[in-house]
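Worksheet: one structure, shown below.
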Amino acid sequence: MSNDERMRLMTETAIDLAMQGFALKDVLAAFGQVPEFRALGSQSYPMCRALTSALLGRCLEPNTMSFEDLLQTYGGAHEG
């Protein structure tokens, strides 16, 4: 499976788990620990907002800094 295929499967799995009653925030926070899934936050504004909300508890966009810089700046030692 290619990296893109794995990320699509993880995204679909996150939606599936949410539809089964799992809190999407919890699913995204867990999946956000996978570097390749976390990288989706750098690829689109909606994923950046969703992942920063799940990982940091704040919905942020990369207006003046990158996604990883947002996590570093607003998450401090919380994320790594």
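The values are calculated or read from the model by the stated rules, or taken from the named source; none is laboratory data. Just so it is clear, the model here is predicted, and its values are computed rather than measured. Please note: Cβ atoms are built from the backbone with ideal geometry, for glycine as well, and neighbour counts cover all protein chains shown. Side chains are part of the model used for accessible areas, which takes the heavy atoms of the whole protein and leaves out ligands, DNA and RNA. Shrake-Rupley method; radii C 1.70, N 1.55, O 1.52, S 1.80 Å.
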Note: the chain, point scatterers on Cα, Debye, no solvent; log10 I/I(0) at q = 0.23, 0.24 Å⁻¹ equals -1.07, -1.15
Carbon and sulfur atoms account, in whole percent of the 1.4 Å probe accessible area of the chain, for 54
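Per DSSP H run of n ≥ 4, the term is -39500 (n - 2.57); total these for the chain, divide by its residue number, and report the mean residue ellipticity at 222 nm rounded to 500 deg cm²/dmol. Present the calculation step by step, with values, prior to reporting the outcome.
Values: 6 runs with 54 residues, N = 80.
It comes out at -19000 deg cm²/dmol, rounded to the nearest 500.
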Note to self: with every protein chain in place and a 1.4 Å probe, the chain gives an accessible area per residue in Å² of 63
Measure of exposure for CYS59: accessible area at 1.4 Å probe, Å² rounded to 10, is 90
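Within the chain, which trypsin sites (Lys or Arg not before Pro) sit in a loop by DSSP and count at most 15 neighbouring Cβ atoms inside 10 Å?
Values: sites: ARG6, ARG8, LYS25, ARG38, ARG49, ARG58; in loops: ARG58.
Answer in residue order: ARG58.
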The chain: relative contact order from alpha carbon pairs under 8 Å, six or more residues apart, as a whole percent, is 19
